[in-house]
Amino acid sequence: LGYLEYARFYGFSGKIAEAEAQFKKAVEVEPSNIETRESLANFYLEEKQFEKAEQAFMDLAAAQGNSPEGKMQLADFYATVGREDDAINTFNEILKESPEFVRARYRLGEIYLDRKEDEKVTEQVEKLLVINDTDAQALMLRARVKIQQNKAEEAVKDLEDILKKQPSHKNALYYMTQARLALGQVDQARAFIGDLEKYHPTYIYNKLLKVQASFTANENQQALVETNQLLDAVKSANPSPEISGQQLMRLRVQAISARGQAYLALGKINEARTDLQEVLKLSPSSSNAHVNLARVEQVTKNFPAALSLYEKAFSLDKNNFDALSGIVSVFKQQKQFAQAQERIDKALAENSAQKDVAASLHYLKADVFTAENNMAAAESELQKSIELDGEYLPAYSAY
């Protein structure tokens, strides 16, 4: 304990080499101490020494007899640093040995959710509901898929079922807030944030929800204030049973990204670029990180850089509609309409079997034709979009 506290003191003091030495001594003195090994692994993670962190998390798993719990932390590490395939493989290893270890199924479902692989999320949800047909976490995972599919009303129904039985359920309140924000119902969302603060006053994600509500209400200055409050809270927080070191790191990245987007909305370009470049450095495999930085370059009319970032984002995630629409908007801004249409046609050819994706692509084609003032062609594309997906509201609105 003495070495561990000494290491933390050095860490707070910014003396990284000295901190590492003390963490190592703590492990040497008591190799079976799980807290000490976890502290060393999280230290390497926070210092972005990812090779050492990986080994430390592997040693941590071994110290726990490669139990599902130990391997969970290794898988979470892979997910945090953007090595999603390694995370998926590790979670599948856990489930092969322990198919009813639901925590692994939850996290596996969340990764598939982030990758927009909705069918694989649904597969995990169905397996969870076979184990327990009232599993609140599984219902929330299903609700999150619905939110992602722009079916927030359906998500609300699942979440209401949970909250009827457990009105103070933290995660249900969190995702209900997300669903209300997706529906543009800011007042209702803020009411649920109020419930979260009432029942869970120390829940740090309350501050993230406030930021998201301010963005939805186009209150960008307020969002900037709240992102700084969130960052201060993350800096002063320590890992606990409620939130792990890896979750705190992800939350910090989200906060910096939100602050960068607030700066951009307020026209503070240099500040926005600084924040969003840091996010990209911290999350080089994140498609959204590339998209957000691309928007900065597009605003400053650095079209080659913007296009390169959008293309990289799309190569990382072929389902990222913001990346493709960003590519199209750069061409459109330069009046390169033929190139824009060619890029959409390529995506259409790759996604012809997915009606919902094809509907959004025809909507994009209509947007380009509108910019060209070719209204007949735009109308035709919007009709195709509506025929493919009768619930795709942007096409109705544009039509």
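General observations
- Set Leu231, Leu224: member being in contact with a Leu (Cβ under 8 Å, 6 or more places away or on another chain) and either under 16 Å from Asp275 (Cβ atoms) or not charged (D, E, K, R) (or both): Leu224
- The single condition from (1) surrounded by fewer than 16 Cβ atoms within 10 Å (Cβ to Cβ); (2) in contact with a helix residue (DSSP H, G or I) (Cβ under 7 Å, 6 or more places away or on another chain); (3) assigned to a helix (DSSP H, G or I) that Ser352 fails is (3).
- Selection count where residues are touching a residue at least 12 places away in the same chain (Cβ under 8 Å) and in a helix (DSSP H, G or I), scope the stretch 309-340: 22
- Test result for Asp345, open to solvent by less than 80 Å² (accessible area, probe 1.4 Å), part of a helix (DSSP H, G or I) and more than 24 Å from Glu297 (Cα to Cα): yes
- Residues that are crowded, with 17+ Cβ neighbours inside 10 Å, within 33 Å of the chain's Cα centre (by Cα) and more than 20 Å from Ser236 (Cβ to Cβ), drawn from the stretch 1-26: Glu20, Phe23
- Lys384 fulfils the conditions (1) open to solvent by 60 Å² or more (accessible area, probe 1.4 Å); (2) basic (Lys, Arg); (3) part of a helix (DSSP H, G or I); (4) within 27 Å of Asp114 (Cα to Cα) except for a single criterion, (4).
- Residue list for the stretch 1-41, filter: among the charged types (D, E, K, R), within 20 Å of Ala61 (Cβ to Cβ) and in contact (Cβ under 8 Å) with a residue 12 or more places away in the chain: Lys24, Glu35, Arg37, Glu38
- The residues of the stretch 43-63 that are within 23 Å of Arg250 (Cβ to Cβ) and either open to solvent by 20 Å² or more (accessible area, probe 1.4 Å) or modelled with pLDDT under 85 (or both), listed by number, are Glu46, Glu47, Lys48, Gln49, Phe50, Glu51, Lys52, Glu54, Gln55, Met58, Asp59.
- Residue pairs whose Cβ atoms lie under 6 Å apart, sitting 6 or more positions apart in sequence or on different chains, and linking a residue in the stretch 257-275 that is open to solvent by 40 Å² or more (accessible area, probe 1.4 Å) to a partner that is modelled with pLDDT under 95 and of a type in the set (A, V, I, L, M), do not occur here.
- Residues located in the stretch 188-223, provided they are part of a helix (DSSP H, G or I), touching a residue at least 24 places away in the same chain (Cβ under 8 Å), over 23 Å from Ser236 (Cα atoms) and open to solvent by 10 Å² or more (accessible area, probe 1.4 Å): Asp195, Phe215, Thr216, Asn220, Gln221
The values are calculated or read from the model by the stated rules, or taken from the named source; none is laboratory data. Bear in mind that the values here come from a model prediction, so they are computed numbers and not experimental data. Reconstructed Cβ throughout: ideal geometry from the backbone, glycine too, with neighbour counts over all protein chains shown. These accessible areas exclude ligands, DNA and RNA; they are computed on the full protein's heavy atoms, side chains included. Shrake-Rupley method; radii C 1.70, N 1.55, O 1.52, S 1.80 Å.
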